Amino acid sequence: MIVMKFGGTSVESAEAIERVAQIVASRREKLPLVVVSAMAKVTDQLVTMGQLAASGDSDASLQLFQAMRERHFSTAKSLLGEKRGASMAPKLETHLSELENFLRGLAAVRELTPRGSDYLLSFGELLSSLIVADAFTIRGLNAVWVDSRACVVTDAKHTRAIPRMSETREKSKKKIAPLLLKKRIPVMGGFIAATAEGVPTTLGRGGSDYSAAIIGAALDADRIEIWTDVEGMMTTDPRLCPEAKTIKQISFNEAAELAYFGAKVLHPATLLPAIHKNIPVYVLNSKNLKSTGTEITAQAPRSRDVFRAITAKTGVSIINVVASRGIMVHGFLRSVFEALDRHSTSVDIVAISEVSMSFTMDSKRLPKALLAELEEIADVTCDDKQAIVCLVGEDIHGKPGIAASVFNTIADAEVNIRMISQGASEINISFVIQESDVPKAVRHLHAQFFPAAAKSLVHKKNGSGKRARVNGRGSLPQRARAASASAATVVELAQD
Ligand code: ADP
Ligand code: ASP
Ligand code: MG
């Protein structure tokens with residue numbers, strides 16, 4: 001069997017869902033299981049509805065709810081026609097009235113807990129998957145809607161739940177294997193799951209990719225296909241740099257590193273279940289069926305370029321912690337790490353001296369209580385609106401001059417570097433710059449390290465097309481290093 005996951009833009013409208021049905025029909029013989037995201041922007045709208053309701057603005061929240069309701073009904077109607085659309089309506093209505101009641105309740109109590117937020121966000125995938133399943137059926141595909149909350153079991157870390165693989169495997173096999181045997185096509189919502197007690201959870205924003213991989217690993221899929229709105233994993237985000245080109249083949253390690261450091265095309269934890277079961281993952285464009293996309297496997301052939309890709313992760317804060325005068329230097333670092341541990345804080349890049357430490361983390365996940373605690377032992381400053389730029393490639397290890405070339409390029413771009421990390425991971429060089437410098441830095445780096453893609457641009461600029469080129473050959477032995485994406489998830493999978 002294979003798992004096919006379609007993201008928000010791939011199911012954003014009746015027309016898009018029509019295309020998805022054709023893609024799935026073309027894979028019918030391979031026994032597909034389909035995982036879908038909420039229709040594009042719906043999860044963001046649910047977040048806003050929740051915030052408005054919790055702030056007491058019930059009217060604004062319900063206005064947004066009505067627009068979302070209309071969108072789902074009109075999509076269902078144009079896909080299913082008047083008659084079948086009408087018979088589908090009660091199914092949608094049941095969920096929509098639950099959602100409306102929840103929003104009204106929220107406006108009364110004015111508090112949205114993480115548990116409530118998971119419940120709220122689950123409606124996006126519930127609605128889209130119901131519509132897609134019916135759209136398939138009416139187009140002659142033997143589809144059946146399956147409730148993900150009855151298959152994917154997680155812990156109770158609401159908003160970023162971690163899968164419990166053995167329970168998930170057991171439940172998924174029981175629910176889904178008999179359907180596949182009958183050649184039915186299960187259609188499930190991604191992103192949503194439930195605890196063993198049945199309380200709804202979510203796998204973190206962008207988590208439908210992760211759902212696909214979890215289900216794929218649970219059912220020993222032959223391949224996992226992630227269908228999205230670009231031609232695969234690319235040498236950088238094409239929105240930042242239009243010269244970005246598709247990476248034909250990439251290793252699990254490299255792809256996991258890229259996902260962790262900001263390549264939104266894959267949720268950072270997606271590859272862990274696939275690595276665990278050695279299942280190849282493909283990233284494909286649902287709007288261009290001719291493109292072969294990206295193949296992600298344990299080992300990928302060397303590329304001509306030094307790096308596979310460049311990513312940028314924005315919304316990062318740098319926290320500088322300097323031991324206060326009079327505080328014993330001995331034990332200072334231990335106290336800082338203990339504080340980080342107490343607040344379950346995961347940091348990205350760290351720089352340390354005897355009396356000071358700087359670290360970066362996602363600004364949205366920076367606990368105020370952590371800063372208050374650190375202020376008791378140190379002088380603390382915090383710089384927001386920073387970004388981590390990361391260059392990934394398995395061939396960079398032990399190659400003289402690569403780091404110099406990266407930093408010279410950044411100097412040419414007149415961008416100031418705040419922190420550097422090289423060597424902590426053998427396959428990346430990362431550094432911190434101001435968020436506003438990201439487009440400039442990434443474009444310069446891309447032109448330098450992917451000269452073929454940039455050739456036309458260079459010709460236009462200086463007429464010669466000649467550029468300094470750093471050559472990289474030779475490869476690392478494949479390491480069994482688990483992706484840095486989520487240590488907790490690695491542990492969980494390893495327990496299986
Ligand atoms: P989906 O809704 O299908 O899950 P996402 O919006 O989550 O799609 O991810 C696809 C987007 O990821 C692309 O539109 C692209 O802008 C962005 N992206 C960031 N980095 C990369 C990269 N290296 N390769 C491809 N896409 C990338
Ligand atoms: N709908 C969810 C989100 O927008 C999950 C996903 O699309 O992968 O975060
Ligand atoms: Mg996504």
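The values are calculated or read from the model by the stated rules, or taken from the named source; none is laboratory data. Here the structure is a predicted model, which is why all the values come from computation and not from measurement. Here the Cβ is made from the backbone with ideal geometry for all residues, glycine too, and neighbour counts use every protein chain on show. Keep in mind that these areas ignore ligands, DNA and RNA; they rest on the heavy atoms of the full protein, side chains included. Shrake-Rupley method; radii C 1.70, N 1.55, O 1.52, S 1.80 Å.
For the range 93-251, count all C-alpha to C-alpha pairs, find those more than 24 Å apart, and express that count as a whole percent of the total.
Values: 5517 of 12561 pairs.
Counting pairs separated by more than 24 Å, the tail of P(r) holds 44 percent.
What translational diffusion coefficient, to the nearest whole µm²/s, does the range 204-246 have by Stokes-Einstein, given a Kirkwood radius computed over alpha-carbon pairs, a temperature of 37 °C and 0.692 mPa s viscosity?
Values: Rh = 12.1 Å.
Rounded to a whole number, D works out at 271 µm²/s.
Based on DSSP, what percent of beta bridges with both residues in the chain are antiparallel, to the nearest 5?
On the way: 41 of 67 bridges.
Antiparallel: roughly 60 percent of the beta bridges in the chain.
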Worksheet, complete the sentence: Between the Cα axis of helix 402-412 and the main Cα principal axis of the chain, the angle (0 to 90°, nearest 10) is 90
Discussion item. Quick check for you: which residues of the range 362-396 have the amide N under 15 Å from the point 7 Å beyond the Cα of residue 159 toward its beta carbon?
Written reply: 362-370
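Dividing the convex hull volume of the Cα atoms of the range 309-377 by its residue count, what figure in Å³ per residue is obtained? Please report the intermediate quantities before stating the final value.
Numbers: hull volume 6.2 nm³, N = 69.
Convex hull of Cα atoms, per residue: 89 Å³.
What FRET efficiency would be calculated for the residue pair residue 174, residue 342, taking the C-beta separation as r and a Förster radius of 51 Å, to the nearest 0.05? Mind dumping the intermediate values first?
Details: r = 40 Å, r/R0 = 0.78.
The pair residue 174/residue 342 has a calculated efficiency of 0.80.
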Worksheet item: Tell me, in nm to one decimal, what length is gained between residue 298 and residue 87 on full extension, where the rule is 0.36 nm per residue of separation less the Cα-Cα distance?
Response: 71.3 nm
Worksheet item: If you line up the long axis of helix 165-181 against the longest principal axis of the chain, both from Cα atoms, how many degrees apart are they, to the nearest 10?
Response: 40
Worksheet item: What order do you get for 25-37, 245-257 when each peptide is scored by the mean count of other beta carbon atoms within 10 Å, highest first?
Response: 245-257, 25-37
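Mind listing which GluC sites (Glu not before Pro) in the range 289-374 are in a DSSP loop and have 11 or fewer other Cβ atoms within 10 Å? If you can, show how the numbers build up before the last one.
Values: sites: 295, 338, 354, 373; in loops: 354.
Sites meeting the loop and neighbour criteria: 354.
R0 = 25 Å: FRET efficiency of residue 142 with residue 290, Cβ-based, nearest 0.05? Walk me through the intermediate numbers first.
Values: r = 27 Å, r/R0 = 1.07.
Computed FRET efficiency for residue 142 and residue 290: 0.40.
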Worksheet item: Considering the zone a paramagnetic label at residue 30 would reach in this model (a point 7 Å from Cα along the Cα-to-Cβ line), which residues of the range 273-314 have amide N under 11 Å from it?
Response: 280-284
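What does the convex hull of the Cα atoms of the chain come to per residue, in Å³, rounded to a whole number? Present the calculation step by step, with values, prior to reporting the outcome.
Working: hull volume 81.0 nm³, N = 496.
Per residue, the Cα convex hull of the chain comes to 163 Å³.
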Practice prompt. Roll a 1.4 angstrom probe over the protein heavy atoms and tell me the percent of accessible area of the chain that is carbon or sulfur.
Written response: 51
Response to the item:
With +1 at each Lys and Arg Cβ and -1 at each Asp and Glu Cβ, the charge dipole magnitude of the chain around its Cα centre, to the nearest 20 debye, comes out at 1840
Item to complete: Report, in degrees rounded to the nearest 10, the 0 to 90 angle that the Cα long axis of helix 114-138 makes with the longest principal axis of the chain.
Response: 60
Worksheet item: For residue 369 and residue 420, FRET efficiency with R0 = 35 Å and r from the beta-carbon atoms, rounded to 0.05?
Response: 0.75
